[in-house]
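Undergrad: Handing you a structure now.
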Amino acid sequence: MSLENFEQIRSFDNENFVHPWESMKKVGTNSRTFAETADGIYLYDENGQKLIDGPGGMWCVQIGYGRKEMAEAIADQVHKMPYYSPWNMSASPSALLARKIAERAPADLKHVFFTTCGSTAVDTAIRFVHFYNNVRGKPQKKIIISREKSYHGSTYLSATVSGKTRDKDWMDTASELVHFLPDVNPSRLPEGMSIEDYLEDKIKDLETAILTIGADKVGAFIAEPVQASGGVIVPPKGYHKQCLEICHRHDVLYISDEVVTGFGRLGHWFASKEVFDIEPDLITCAKGLTSGYVPMGACLISDRIFSEISGEQSQGSSFSNGYTYSGHPVAAAASLKNIEIMEREKLADNSARMGAYLLDGLKELKQKHEIIGDVRGLGLFCGLEIVKSRDTKEHFTPDADIGAQLTQAFSAQGILLRGGDCMNVMPPLCVTSGEIDDIISAMDEGFSQVSKNIAV
Ligand code: PLP
């Protein structure tokens, strides 16, 4: 496309396309990078510049870009049958996918409710908790306990239980339905406190909240196994397991939000059982479910709670929740192909191995660049905390726009990375060690550049 034509496209973007988290001040004047084509772990922008996709799209493109067999699986399903109503019919790809997910899920989480994305998966989980308690004759059990700095989505309910306060500055939520616990961040241990005491405090936070609100009013606790957009926060060992025990002691359901951690990111299909040794009551997933080729999410429900309110115990109820596109056959066909590729190429194992290699490389960068305050991660789910001072762990003020400076410097070195206080490095799961070497050397150069500017 000629440059002139492209400028026209950019004007359409500015005038007509309202993006997520749109900055209203910048409306009409944005100059976003356009992703025009993609292959493997690379994106090509409007100028043809090749960029390593550092965040793997939005941490979702597990199999990488440009997979012909994926395009064919999607096209085949479109030719065969592109849509059916999930209200009163079913179709083979959707039923087969539900089975494949159930077989890979922990314990008895074998009931799969298909949604359109992660937010609607979380929405569905919360609506199911409310429904479950209504049918059991406990309609007061509605409050969801969540944690500060968590992110669970952008529909009204999933945004309600998200704990990033800045996202709520201008937005309304159903705040009466949620209670937030302080965040859990072992990299910010209070001075002199051991990790064991910190863990005990965090566990106490949950039990105290349940007892203070009243267990008869609390429906569920929701947590990401590793907090993603809150800054790649890995909780202390045993945290999730002890939280689950407390929940079950008080008849509170546990929702494990695996929208990011599911489908190989931490080296397993799901992280709940394999990494954190818990069997939650509900699991939400999306992103890696289709590797982002088409939208889809899912809410998995344990047989224990499902059977408690079905059949003889159903009270004649219906779970009146669903979408025109629940179990969409084209998305299901894409997800089946995605699972086939991930299995054939052992991408979850690759995530564990390459994740460890990436983490070592990032730790070496920390030795060289003062601006990196902390490096953390599990599998190909790594984050760097950017600080103004390592001693005080203070972050840069928003007007320093450090995230934009870093993004620009990295982009000049051929890698796309976003972030502010934390930069998430989460490439596609098919990344090779050679490509990780390229990521580290591009970041090294980018950090040197920005550190020089800061020093000036
Ligand atoms: N849950 C978590 C943990 C997420 O990180 C996200 C998105 O990043 C969501 C839910 C929402 O998913 P989606 O953007 O697909 O609606």
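Undergrad: Tell me, what is the per residue accessible area of the stretch 101-160 in Å², probe radius 1.4 Å?
TA: Details: 2090 Å² over 60 residues.
About 35 Å² of surface per residue is accessible.
Undergrad: Separate question: Explain nothing, just the number: dipole magnitude of the stretch 7-95 about its Cα centre with +1 on each Lys and Arg Cβ and -1 on each Asp and Glu Cβ, in debye rounded to the nearest 20. Let's see the in-between values first.
TA: Numbers: 8 positive and 12 negative charges, 42 e Å.
That gives a dipole near 200 debye.
Undergrad: Note the full-extension length gain between A400 and D172 as 0.36 nm times their separation in residues minus their Cα-Cα distance, in nm to one decimal. Could the numbers behind the result be given before it?
TA: Details: separation 228, 0.36 × 228 = 82.08 nm, distance 2.86 nm.
Full-extension gain reported as 79.2 nm.
Undergrad: What length, rounded to one decimal in nm, is gained on full extension from L189 through to F12, with 0.36 nm per residue of separation minus their alpha-carbon distance? Present the calculation step by step, with values, prior to reporting the outcome.
TA: Details: separation 177, 0.36 × 177 = 63.72 nm, distance 4.77 nm.
Gain on extension, L189 to F12, equals 58.9 nm.
Undergrad: What percentage of the solvent-accessible surface of the chain, computed with a 1.4 Å probe over protein heavy atoms, is contributed by carbon and sulfur atoms?
TA: Numbers: 11030 of 21140 Å².
In the chain, the share of accessible area belonging to carbon and sulfur is 52 percent.
Undergrad: Moving on. Would you be so kind as to identify which of M354, A331, G446 lies farthest towards the positive end of the dipole of the chain, taking Lys and Arg as +1 and Asp and Glu as -1 on Cβ and the Cα centre as origin?
TA: Of M354, A331, G446, it is A331.
Undergrad: Size of the dipole of the chain about the Cα centre, Lys and Arg at +1 and Asp and Glu at -1 on the beta carbon, nothing else charged, in debye to 20? Let's see the in-between values first.
TA: Details: 46 positive and 61 negative charges, 148 e Å.
Charge dipole, the chain, about its Cα centre: 720 debye, nearest 20.
Undergrad: Would you work out which of G322, S302, S256 lies farthest towards the positive end of the dipole of the stretch 220-369? Charges go on Cβ: Lys and Arg +1, Asp and Glu -1.
TA: Projecting each Cα onto the dipole axis, the largest value belongs to S256.
Undergrad: On to the next question. When ligands, DNA and RNA are left out and all protein chains stay put, how many square angstrom of accessible area per residue does the stretch 245-311 have with a 1.4 Å probe?
TA: Values: 1850 Å² over 67 residues.
I get 28 Å² per residue for the stretch 245-311.
Undergrad: So which lysines pass the test for K50, namely a Cα distance under 21 Å, with those fewer than 8 places away in the same chain ruled out?
TA: Leaving aside lysines fewer than 8 places away in the same chain, those within reach of K50 are K68.
Undergrad: On alpha-carbon atoms, Rg over Rh for the stretch 94-133 using Kirkwood Rh?
TA: Details: Rg = 11.1 Å, Rh = 11.1 Å.
Result: Rg/Rh = 1.00.
Undergrad: Could you work out the helix-only [θ] at 222 nm for the chain, with each DSSP H run of four or more residues adding -39,500 (n - 2.57) and the total divided by the number of residues, to the nearest 500 deg cm²/dmol? Numbers along the way, then the final one.
TA: On the way: 14 runs with 179 residues, N = 456.
So the helix-based figure for the chain works out to -12500 deg cm²/dmol.
Undergrad: Compute the accessible area per residue over the stretch 161-220, keeping the other protein chains in place, probe 1.4 Å, unit Å².
TA: Working: 3560 Å² over 60 residues.
The answer is 59 Å² per residue.
Undergrad: Rounded if a/c is under 1.5, else prolate if a/b is larger than b/c, else oblate: which is the chain, with a ≥ b ≥ c the root eigenvalues of its Cα gyration tensor? Write out the running numbers ahead of the final one.
TA: On the way: a/c = 1.66, a/b = 1.21, b/c = 1.38.
Taking the square roots of the gyration eigenvalues as a ≥ b ≥ c, the chain is oblate.
Undergrad: I've got another one for you. To the nearest 0.05, what FRET efficiency results for D349 and E46 with a Förster distance of 45 Å applied to their C-beta separation?
TA: Numbers: r = 36 Å, r/R0 = 0.80.
Calculated transfer efficiency: 0.80.
Undergrad: Sorting Y132, Y42 by accessible area (1.4 Å probe), largest first, what list results? Don't jump to the answer; show the numbers that get you there.
TA: Details: Y132 5, Y42 45 Å².
Ranking Y132, Y42 by accessible area, largest first, yields Y42, Y132.
Undergrad: To the nearest 0.05, how large is the calculated FRET efficiency for S2 and K26 if R₀ is 30 Å and r is the Cβ-Cβ distance? Numbers along the way, then the final one.
TA: Numbers: r = 26 Å, r/R0 = 0.87.
Plugging the Cβ-Cβ distance into 1/(1 + (r/R0)^6) gives 0.70.
Undergrad: Residue by residue through the stretch 142-157, which ³J(HN,Hα) values in whole Hz follow from phi under the Karplus form 6.51 cos²θ - 1.76 cosθ + 1.60 (θ = phi - 60°), with glycine and proline marked x?
TA: Values, residue by residue: 10, 6, 9, 8, 10, 10, 4, 6, 7, 9, 10, x, 10, 7, 4, 6 Hz.
Undergrad: Could you name the lysines in cross-link range of K237, using Cα to Cα under 17 Å and dropping any fewer than eight places away on the same chain?
TA: Output for K237: K202, K204, K273.
Undergrad: Something else: Give the aspartates and glutamates whose C-alpha is closer than 17 Å to that of K452, dropping any in the same chain fewer than 8 places away, or say none.
TA: E370, D401, D444
The values are calculated or read from the model by the stated rules, or taken from the named source; none is laboratory data. Since the model is a prediction, treat every value here as computed from it, not as a measurement. In this analysis, Cβ positions are derived from the backbone assuming ideal geometry, glycine residues included, and neighbour counts consider all displayed protein chains. When the accessible area is computed, the model is the full protein with side chains, heavy atoms only, and any ligands, DNA or RNA have been set aside. Shrake-Rupley method; radii C 1.70, N 1.55, O 1.52, S 1.80 Å.
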